[in-house]
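Have a look at the structure below, then the notes.
The values are calculated or read from the model by the stated rules, or taken from the named source; none is laboratory data. This one's a predicted model, so the numbers in the text were calculated from it and none came from an experiment. Every residue, glycine among them, receives a Cβ derived from its backbone with ideal geometry; neighbour counts consider all protein chains shown.
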Amino acid sequence: MQRAVPANPLLMEANFSDRSAPIILLRPGVDGPPIFIAHGMAGSPAEFHELVEYIDTAKPIYGLQAKGNDGLEEPYDRIEDLAKYYLEAIKKIRPEGPYTLIGYSLGGLVTLEMAQRLSSDGVALLTMVESYPHSAHISLRQQLRLWLHSPKNRGVGHIQKQSPEDHRIYDSAYRAWRSYKPKFYPGKICFVRAEVITAYPDDPIAVWGKLAKEIVTRTAPGDHHEILTKNFKLLGSIISQCLAEAPETLG
């Protein structure tokens, strides 16, 4: 008999007004290995409120929320610090793996770093959605391709800044993205790329192929932002495929 997920003081169910919690319960589910999804440059899991309804799973889905969203605490400006912050919170909910991690944009790098630190506990699945390192940390050939194909006036990681807090979160996130150099990941990555290329590399395999033991790619319609804001139903279906292919023995 499956048990309902117990209440946890760290979590506020889909309560996006609580801007200090490191984790928000986006969608409840049965007890079992939960799914954790990491934010983009804006630092908020609110951007996933439509997507999670179309991820085919009975497991609970939690969103990670950046420190500093409350406007009081200082945001982290290193991927390593973000990963440590979230892992400490996650392990209060579920002390042991396996863990299922999904990261969009900047969040993909955060979940990658988390997976590196969780390898001994077991990672059921790492899914990275439109997530790339800064151009300073890709090959010269990829830098040239990026320069040739990137439309003008569409910067990487661009978001609408709605408030001073958002501006502060974005600036810290940009510094974290700019300085993070990924290391080799001895596991599998399910990578979801956007069909419409904007200011990101056009070939994820060329970027990540030598940085992971195994990588499989999926393509979602739309550009970097539209896959989440307009095509979230199809993105949810693609993520569901990745979940379905995760090893059953890990959750």
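Here are some notes:
Yes or no, residue by residue, for (1) at pLDDT below 95; (2) among the small types (Gly, Ala, Ser); (3) within 18 Å of the chain's Cα centre (by Cα):
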| position | (1), (2), (3) |
| --- | --- |
| SER135 | yes, yes, no |
| LEU140 | yes, no, no |
| PRO201 | yes, no, yes |
| PHE232 | no, no, yes |
| ILE239 | no, no, yes |
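- For the stretch 69-96, filtering for residues that are of a type in the set (Ser, Thr, Tyr) and at pLDDT below 95 leaves 1.
- Search result, residues across the stretch 199-217 that are surrounded by fewer than 18 Cβ atoms within 10 Å (Cβ to Cβ) and not hydrophobic (A, V, I, L, M, F, W, C): ASP202, ASP203, GLY209, LYS210, LYS213, GLU214, THR217
- At least 1 residues being farther than 23 Å from PRO34 by Cα and of a type in the set (Asp, Glu) is the threshold, and among the helices (runs of 4 or more DSSP H) wholly inside the stretch 177-251 those reaching it are 226-229.
- ALA66 under 21 Å from CYS242 (Cα atoms), buried (at least 20 other Cβ atoms within 10 Å of the Cβ) and modelled with pLDDT of 90 or more: no
So that you can scan it fast, the table gives a plain yes or no per residue for (1) at pLDDT 90 or above; (2) under 17 Å from the mean Cα position of the chain (by Cα); (3) among the β-branched types (Val, Ile, Thr); (4) more than 30 Å from HIS134 (Cα to Cα):
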{"site": "ALA7", "(1), (2), (3), (4)": "no, no, no, yes"}
{"site": "LEU26", "(1), (2), (3), (4)": "yes, yes, no, no"}
{"site": "ASP31", "(1), (2), (3), (4)": "no, no, no, yes"}
{"site": "PHE36", "(1), (2), (3), (4)": "yes, yes, no, no"}
{"site": "ALA58", "(1), (2), (3), (4)": "yes, no, no, yes"}
